[in-house]
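For reference, the structure is listed below as structure tokens.
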Amino acid sequence: MRVELENLTKKWGDVVGADGITLEIEHGEFVAFLGPSGCGKTTTLLMIAGIYKPTAGIIRFDGKVVNRVAPKDRGIGMVFQSYALYPHMTVFKNISYPLKLQKVPKDELRRRTQRVADMMGIGHLMDRKPAQLSGGQQQRVALGRALVKEPRLLLFDEPLSNLDARLRLTMRGEIKRLQMELGITSIYVTHDQVEAMTMADRVAVMRDGKLQAYAPPDELYDRPRTLFIAGFIGNPPMNFWRAEVVQREGTFYARQAGLEVPVPAERGEKAAGRGEVIVGLRPEDLTLSEEGIPGEVYVVEPLGRDDLLDVRIGETSLRVLADPALNIRIGDTVRLKFNTNKIQFFDPETEESLLWE
């Protein structure tokens, strides 16, 4: 199914849930709606599902306007954050319930239910009730109930947020594998940028009800259009500091009190002459080097595979990843080398990237 949203808006009086959302989702594509709480991602999903009626705008499925089509007639399957399982029903009855509402013949109902349960790895749990299942098993039942209808569109509303970290990792892979095998167009709402970046073909980043960007994960990571996207995408988050970009003897520099970083010409010329700009660079684009700029280690956070260092150079605080074997301690002096081919520049007033102009 191909989904088109055109100027989709939802308001409750003066409160704006979604503001002019326009995007297209291709057949078989997996798209994530990503953003902090209150950004409008679930509101937009519920309008697509037909649970909320849009204040303005158009929703099209395969070119057909569905604004007035009832949810049950939209050909969708939905997986909720709370699972929403019927506690008094067995796994079999929970999964098969949508088919019962459609008055599917008993033999076909049983066959389709068993096939989906086996696909989800819970075919041996059909006689259990939700209270007898683990969180991961309950999530599989909820996903099976959505799939048994053979929907043309799958909608996920933060389905993994109630699971522990290890199980979330497993379920992320299983959901993505199933989606690719079945070829069902899918929309996945999440506030977890790792889920969005690892699962989605394209990510719609939302903030305050507005669409900030709609692009593949690697573009959002390497070429963020706004300061918000740059800070929201990536873990640990991007380093930011204010500087003036100047040219001296044919070389561009991002200059701030106590810190001067040479910048490639193709990036520096877009930020030079603008006065103070916001500079961005990810922690993984900073490395420890004997030839680097000296700074003092202010904080050390052991992360297991890496240590996250907070290094102070003049008035600037920079996060950098380091090998734990180096045994760096608070108060040590280290030298940082900057991968300036990855450096970003943002306008302090508009917060938009200067590299997209």
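Here are some notes:
- Peptides 18-24, 65-71 ranked from most to least packed, by the mean per-residue count of other Cβ atoms within 10 Å: 18-24, 65-71.
- Estimated inter-spin distance, GLU26 and GLN132, nm [label 7 Å along Cα→Cβ]: 4.6
- When the pairs LYS10/LYS53; LYS72/LYS100; LYS41/LYS149; LYS103/LYS149; LYS53/LYS176; LYS11/LYS41 are compared against a 18 Å limit on Cα-Cα distance, LYS41/LYS149; LYS53/LYS176 fall above it.
- In nm, spacing of pseudo-spin labels at THR170 and ALA84 (7 Å Cα→C-beta vector): 2.6
- Pair SER161, GLU301: separation of 7 Å Cα→Cβ label points (nm): 2.2
- Value in Å of the Kirkwood radius, where region 137-280 supplies the Cα pairs that are averaged: 18.2
- Set the Cα radius of gyration of region 65-137 against 2.2 N^0.38 Å, with N its number of residues, and you get 1.22.
- Within the chain, percent of DSSP bridges classed antiparallel, to nearest 5: 75
- Out of every Cα-Cα pair that the chain contains, those further apart than 27 angstrom amount to 57 percent.
- Largest first and in whole Å, the equivalent-ellipsoid semi-axes of region 109-185 read 18, 18, 10, each the square root of five times a Cα gyration tensor eigenvalue.
- Plainly put, region 1-156 has a radius of gyration that is 1.01 times its Kirkwood radius, both from alpha-carbon atoms, as the Rg/Rh ratio.
- Taking 0.36 nm per residue of sequence separation and removing the Cα-Cα distance, the VAL194/SER317 pair yields an extension gain of 41.8 nm.
- Between 0 and 90°, nearest 10: helix 91-101 axis offset from the chain longest Cα axis: 70
- Value of relative contact order over the chain, rounded to a whole percent, pairs C-alpha under 8 Å and six or more apart: 15
- Mean projection area, nm², convex hull over Cα of region 257-357: 7.1
Since every read-out is calculated from the coordinates, none of them should be taken as a lab result. Quick caveat, the model's predicted, so the values are computed rather than measured. Every residue, glycine among them, receives a Cβ derived from its backbone with ideal geometry; neighbour counts consider all protein chains shown.
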